[in-house]
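First the structure, in the form of structure tokens, and then the observations on it.
Computed from the coordinates by the stated procedures, all read-outs in this text should not be read as laboratory data. Keep in mind it's a predicted model, so treat the numbers as computed, not measured. When we count neighbours, we look across all protein chains shown, and the Cβ atoms used for this are built from the backbone with ideal geometry, even at glycine.
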């Protein structure tokens, strides 16, 4: 009886160890696959617009991280919206869930600097949903730094130049009138 | 023997050049007003300075060169060619003052690109440009499309017999109305009617696309001016890709085609003569060349398999093609994508389309459809002459508003201008290659500049060599004026140096 229980305990120990080994092997295989294959599907580092535009085939259909300033209008289209995000070289269209754009308060224009955002999403070289456009279908968006209103200042040098030119213009007109008389 | 020009010639040229410059400078009031209305003080000041410089320059010319004599043929041609250069130098001042152009040469490049309705851009950080400056960029396209001198003719000059010379000098050799002034006014009437309709259509599409109303209508008026005048500027750096909208692409495509049609044809359509659309040699040639060049482009894109589905291929391929053929230059691609995605054959299709252009007496550049049609008819005539018996009378006709007999001098003139354009495309391509670009890309960019299109495969940027910028400026200028007034100016300069 005792012997039987010892055998059972040994058996369960062996089973436990083999199960552990299987799990270990599974993780090894998983990590190996992840290590080898993930770079083909996603890029964790921020990628510039120039890199994306010049290597469209390489990044097509992959998850990319892209950051830049939101410019122009946030164009709502039903439950989704279009953002145009400029990284300093080019602007790329971002197709995004409208709710995710709620945090965007400033967009780039003459009078404001837009919010600087980081987008993670699928890069499309020729998006079938959007007429073959090059775009990114965003999955997440993170505001890195908020935008601001740009305070306009008049350049005193330009102001002086305008006054001098006005003087010259008046002088020409006066001389013309005098000559006519 | 070459005769040296007289002081009287120079005075005449200076006086009328001054008049045109004053007319042009008054147009700067519009961005000043817009800037003040939208509380853009800095940009308003930029335009005020530019306005004053231009008025002073124009006044000095009219006072120093005052004359009551009328212009002769040569003087009229020279006034036109110089007026376009003066417009570039003066129109570039507010752009340069904005700080969005790296150098005055870059600002001149964009000003010439605007006036000549080309659409190549060297501006920096376009997305933060003021409304006033952006409006000016598009306004100069609108003025350039109608013809700078035509503006002076229709608004600031009461009328003189030399008007026709200047009208021809701006590459318009067809009178719609009995005289040039009424023709110029009719061109303005057509343009203003379409401006209102086009702005409303684009503004409405913009609002439906989610744009703010002010932006939607501002973009609407700007995009209309650039599309109808086959220019190609847009208020944002992404060009038409900014809007992500099929409706926007469709409306702009219609406007581009309207801009590429002869104003004389517009007149006949307005007068109820709709059959003229089908019978006219230009519309027939335009339809056939669009089909041929699109076939080449589509086959190339199909071979590469870059677009998943025929509809996507059509939407992308046809838009770039029609934009190139009409000489507009609107893009729904990034310039680099022509190189990385499109490859050689589709680019060849677009180059051919750009090189051919739209109708004469329209706002497009390039060889133009009337000449293409005439050359084709002349070719048919020559083949008939070979095939038919020697004693047979070979008569070739073509329909352009009315049915005309094809004369040898008409065919010769069409061939000469075509040859001049081909040489201009080729020379620009050689200069592009001298700076290390490949033949096809250089030819693409050169054709785009000389044919006043504005599509780019990436060569045009602020970092390109100054010599290449100057080359493209000359190409845009000569291409827009269709050579005659440029050749006259060169002849005048040679006569001034070598004449007795």
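Within chain A, antiparallel bridges make up roughly 85 percent of the DSSP beta bridges whose residues both belong there. Relative to the compact-globule estimate of 2.2 N^0.38 Å, the Cα radius of gyration of the protein assembly as shown comes out at 1.13. Global size of region B:1-173: 16.6, 60 Å for Rg and Dmax (C-alpha atoms, Rg to one decimal, Dmax whole). In percent, rounded to a whole number, the relative contact order of region A:47-149 is 28, using alpha-carbon pairs under 8 Å and six or more apart. Length gained on full extension, residue B:430 to residue B:295: 45.8 nm, using 0.36 nm per residue less the C-alpha separation.
Partner chain Cβ atoms within 10 Å, averaged over the residues of A:123-133 - can you pull that number for me?
Mean shielding count: 6.
The distance between label points at residue B:310 and residue B:495 comes to 6.0 nm (points 7 Å beyond Cα on the Cα→Cβ vector).
If R0 is 51 Å, what FRET efficiency do you get for residue B:70 and residue A:140 from their C-beta distance, rounded to 0.05?
Values: r = 71 Å, r/R0 = 1.40.
That gives a FRET efficiency of 0.10.
Inter-chain neighbour count for A:55-63: the average number of beta-carbon atoms from partner chains within 10 Å of each residue's beta-carbon is 1.
Using 1/(1 + (r/R0)^6) with R0 = 25 angstrom and r between the beta carbons of residue B:344 and residue A:89, what's the FRET efficiency to the nearest 0.05? Working from the Cβ atoms, E equals 0.45.
For the pair residue A:76 and residue B:4, what calculated FRET efficiency results from E = 1/(1 + (r/R0)^6), where r is the Cβ-Cβ distance and R0 = 56 Å, to the nearest 0.05? Write down the numbers at each step before the final one.
Working: r = 68 Å, r/R0 = 1.22.
For residue B:4 and residue A:76, the calculated efficiency is 0.25.
Taking a point 7 Å from the Cα of residue B:384 along the Cα-to-Cβ direction, the residues of region B:401-417 with backbone N closer than 14 Å to it are B:404-408.
If packing is taken as the average number of other Cβ atoms within 10 Å across a peptide's residues, how do B:58-71, B:127-140, B:284-297, B:84-97 rank, most packed first? Intermediate results must be reported in sequence, preceding the final value.
Details: B:58-71: 15.9, B:127-140: 24.8, B:284-297: 17.9, B:84-97: 23.3.
Packing order, densest peptide first, comes out as B:127-140, B:84-97, B:284-297, B:58-71.
With the simple spin-label model, which puts each label point 7 Å out from Cα in the Cβ direction, the residue B:125 to residue B:212 separation comes to 1.9 nm.
Calculated on the Cα set of region A:47-149, radius of gyration then Dmax: 12.7, 38 Å. How tilted is helix A:156-180 with respect to the longest principal axis of chain A? Cα atoms for both, answer in degrees (0 to 90, nearest 10). In chain A, helix A:156-180 runs at an angle near 30 degrees to the longest axis.
For a modelled paramagnetic label at residue A:129, 7 Å from Cα along Cα-to-Cβ, the residues of region A:83-103 in reach, with backbone nitrogen under 14 Å, are A:83, A:93-100. Reported value for region B:297-442: 155 Å³ per residue, from the convex hull of its C-alpha atoms. In chain B, the calculated helix contribution to ellipticity at 222 nm averages -22000 deg cm²/dmol per residue, counting -39,500 (n - 2.57) for every DSSP H run with n ≥ 4.
Using only Cα atoms, what is the ratio of the radius of gyration of chain A to 2.2 N^0.38 Å? The partial results should precede the final answer.
Working: Rg = 31.6 Å, N = 181, 2.2 N^0.38 = 15.9 Å.
Dividing the Cα Rg of chain A by 2.2 N^0.38 Å gives 1.99.
Debye-formula intensities of chain B, expressed as log10 I(q)/I(0) at q = 0.10, 0.11 Å⁻¹, are -0.75, -0.91 (one equal scatterer per alpha-carbon, no solvent).
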